[in-house]
1. Do you know which residues across region 210-266 are at positive phi and buried (at least 17 other Cβ atoms within 10 Å of the Cβ)?
2. Out of the residues in region 267-282 that are over 16 Å from the mean Cα position of the chain (by Cα) and hydroxyl-bearing (S, T, Y), state the one that is least open to solvent (accessible area, probe 1.4 Å).
3. Against the condition crowded, with 22+ Cβ neighbours inside 10 Å, modelled with pLDDT of 95 or more, hydrophobic (A, V, I, L, M, F, W, C) and closer than 30 Å to K177 by Cβ, how does A140 come out, does it pass?
4. Mind checking which residues of region 200-209 are open to solvent by 20 Å² or more (accessible area, probe 1.4 Å) and touching a residue at least 40 places away in the same chain (Cβ under 8 Å)?
5. Just to be sure I understand, how many residues within region 48-76 are within 24 Å of Y121 (Cβ to Cβ), surrounded by fewer than 21 Cβ atoms within 10 Å (Cβ to Cβ) and under 17 Å from the mean Cα position of the chain (by Cα)?
6. Of all residues in region 28-47, how many are open to solvent by 20 Å² or more (accessible area, probe 1.4 Å), over 14 Å from V278 (Cα atoms) and β-branched (V, I, T)?
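The values are calculated or read from the model by the stated rules, or taken from the named source; none is laboratory data. Remember, predicted model here, so these are calculated numbers, not experimental data. No Cβ is skipped: glycine too gets one built from the backbone with ideal geometry, and neighbour counts run over all protein chains shown. For accessibility, only protein heavy atoms count, side chains too; no ligands or nucleic acids. Shrake-Rupley method; radii C 1.70, N 1.55, O 1.52, S 1.80 Å.
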Amino acid sequence: MKSRVMKIVTSLAIGIGISAAPASSYAATPKTMKVHYIDVGQGDSIYIKAPNGEDIVIDGGNKGKGNLVVSYLKKQKVDDIEVLISTHPDADHIGGLDEVINAFKVENVYAPKVSNNTQAYKDFLNAVKKKKLKIQTAQAGVKLPVKDVNAQIVGPTKTYTNSDLNDWSAVVHMTYKKNTFLFTGDAETKAEADMIKAKKTLRADILKVGHHGAKTSTSKNFLDVVKPKYAVISVGKNSYGHPTSQVVNLLKNSKASILRTDQSGTIIITGDGTSYSVKKSR
């Protein structure tokens, strides 16, 4: 009798082991937030794959870089864009967005309430109109529709003159669990000080450095608040001296690891909710 019971128990144990094996081999893939700082030369273009699959685009590089951005997005298997943000109407940020809008279904478009008379800005508006989209105002306090991510616009906190286009930049803060990212467009020290004064959420492990490393952005006070672990500078060959030694030294003094698209090509930072991994295209 004992031996028969043992045989039954052994058979059940083997059966349970066999049935349990497939479940463990199909363990859910951990969700990540993947941020691509696309190498568009002297300009900005960022693609974000959110943990639940939303596709987010911030800026599209200069005029003539739209095809490059579209091609890159298609390689990432983007079929539609849930959130598209034009940080401000400078050509090296807005220039390629018309081609992006024309190439994909876009659900939400955000831009600050400031205009420009350049062809790049007109092309952006025409693309938005052609797709029958409405531009939602990018300003402090606006929440972005991204699941499981606290994604909010933290700047501009006020209105500026039309000669201060950089300070109008839509500044975006994103938190995924313990991962924190800050995207600053070309916001300069005036806008930085205004965000600090307004007590906006600025602390972030990953900082997209403002205005390609120009000395008019990235003040020491701002860095003291943000406390970045990584500082990404989107920059290409230019006659402005970007990034300036002043900003590079401030970043070094803040102990941030500096990453530059002119040196490393497209930079991809992946956050798993607790830690980060960095991948460079060259």
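1. H211, H212, G213, T218
2. Going through the qualifying residues, I end up with S275.
3. In short, no.
4. Going residue by residue through region 200-209, those that are open to solvent by 20 Å² or more (accessible area, probe 1.4 Å) are 200-201, 203.
Selection gives K200, T201.
5. 2
6. Looking only at that region, the number is 1.
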